[in-house]
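For reference, the structure discussed in these notes is given below.
The values are calculated or read from the model by the stated rules, or taken from the named source; none is laboratory data. Everything numeric in this text was worked out from a predicted model, so none of it was measured. Quick reminder, even Gly has a Cβ in these numbers, built from the backbone with ideal geometry, and neighbours come from all protein chains shown.
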Amino acid sequence: MSKTLGAGIYTAYRQNGILHVKAVGWKPTAQTKVYLEQLPFLIFPPQVALIFETEGITSPVELPFETEKAFPGYPASAKVVTVVDRNGHHAIQIDERPATAAPLMIGNPAEPRFVVYRQIGTDLYLIAPADAPVIAIYVRVFGPDTYAACQAYVAAHSAPPPVVELLPGSLHAWIDAMPGGPARLVVTVDAFVEVDWTVTLVSAVPQGINPLVKLLRPEVQLPPGPVHSHAIGLRTLRYEEPQPLAYTDVTIENGLLSLSAKVTTTH
C-alpha cells in the first residue's frame, strides 16, 4: 500500500460550529483513494493533510476527484485552517456560514443534550450529542448543555497560539549568488522560544500584493503531552528558498508584531 501526500485546491467553511474542508483536483490512478485527515501533531490550531492512498494493480490514468470532511473538534476561534500536501502548507480562509435551525447530524443545538470531550493528553476538543458513541481517547469535560454553551466552553479552554518572541534588529536577508550553485534566498532571525518547541520559518499564505516582498511566519510544533519545560532559550531561525525571485524586502509576520529587512546580495 502506498500512502503519500496528494495535491489539490481547497476551500473551507464552518457551519453549526463544525469545520468542513473540501479538496478538488486530479488523482494519479483510478484506484487511488483520496481523503482528508487531521494530523496527529500537537499544533494549535490542528492541521489537515490531503492523503493519496493506492494499493494493488493500478491504471495510470489521471482522474478528477472531490472530497470533503467535517472536523467537529476544530477550534471555533480559528479563522484559517492549514492544509498540508506535497506542495507545502496552505492557509485556507474559513468561510462562516449561517447556522441551520436543526442540523440533521447533531440534532437541535438549542437543546441541552451536547457534551464536550477532550482528547486525553492534548488540548483538542470534540462536541458531540450526549448519546453519541465516542472513542476511548476522549474524556468528558463539560455538559450536557446546549451546543452554544459547549462552543463557549471550548473557546474559553482552548490553548492560545504559541508566542514566538522575535528579537528586533536580528533579521537578516540576502540572496546567496556565490559561484558554484543556483542562487538562493537566506533569511535568519533570532527568537526567544521554549527550548522544547520545534520552530521553523515558513512562507506566509497569502504572500501579499507585492511579489517582491517575501512574507514569512514562524510555525511552532509543540512537544507531545500536556507537560513541557517552560524554559526559554535564544535560537536562530533560518529559512532558505532556492532560485528565488528578485526580492527587495523580507517581512516576518508574527501576530500583531512583524519584522522587516532589506534583501542584500552576496557574490
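General observations
- Test: residue in segment 58-70 that is modelled with pLDDT of 90 or more, among the acidic types (Asp, Glu), within 22 Å of LEU124 (Cα to Cα) and within 16 Å of the chain's Cα centre (by Cα): no
- Close Cβ contacts (under 7 Å, 6 or more residues apart or on different chains) running from residues in segment 73-93 that are in the same structural domain as LEU50 (by TED's automatic domain parsing) and under 27 Å from VAL134 (Cα atoms) to residues that are of a type in the set (Lys, Arg) and not in a strand (DSSP E or B) are absent.
- Within segment 148-171, not a single residue is in a strand (DSSP E or B), of a type in the set (Gly, Ala, Ser) and either at pLDDT 90 or above or surrounded by 13 or more Cβ atoms within 10 Å (Cβ to Cβ) (or both).
- Scope segment 35-46; condition at pLDDT 90 or above and either among the charged types (D, E, K, R) or surrounded by fewer than 20 Cβ atoms within 10 Å (Cβ to Cβ) (or both); matching residues: TYR35, GLU37
- Counting only residues that are under 20 Å from MET178 (Cβ atoms), hydrophobic (A, V, I, L, M, F, W, C) and touching a Ser or Thr at 6+ places or on another chain (Cβ under 9 Å), segment 237-260 holds 1 of them.
- Members of segment 16-25 found to be over 14 Å from GLN93 (Cα atoms) and out of contact with any Pro (no Cβ under 6 Å at 6 or more places or on another chain), listed by number: GLY17, VAL24, GLY25
- Selected residue [at pLDDT 90 or above and under 30 Å from PRO223 (Cβ atoms)] from GLY25, GLY6, GLY17, GLY73: GLY6
- Restricted to segment 4-76, the set of strands (runs of 3 or more DSSP E) holding at least 2 residues that are basic (Lys, Arg) comprises 18-27.
- Flag for VAL34 being within 19 Å of LEU222 (Cβ to Cβ), without any contact (Cβ under 8 Å) to a residue 60 or more places away in the chain and in contact with a Lys or Arg (Cβ under 9 Å, 6 or more places away or on another chain): no
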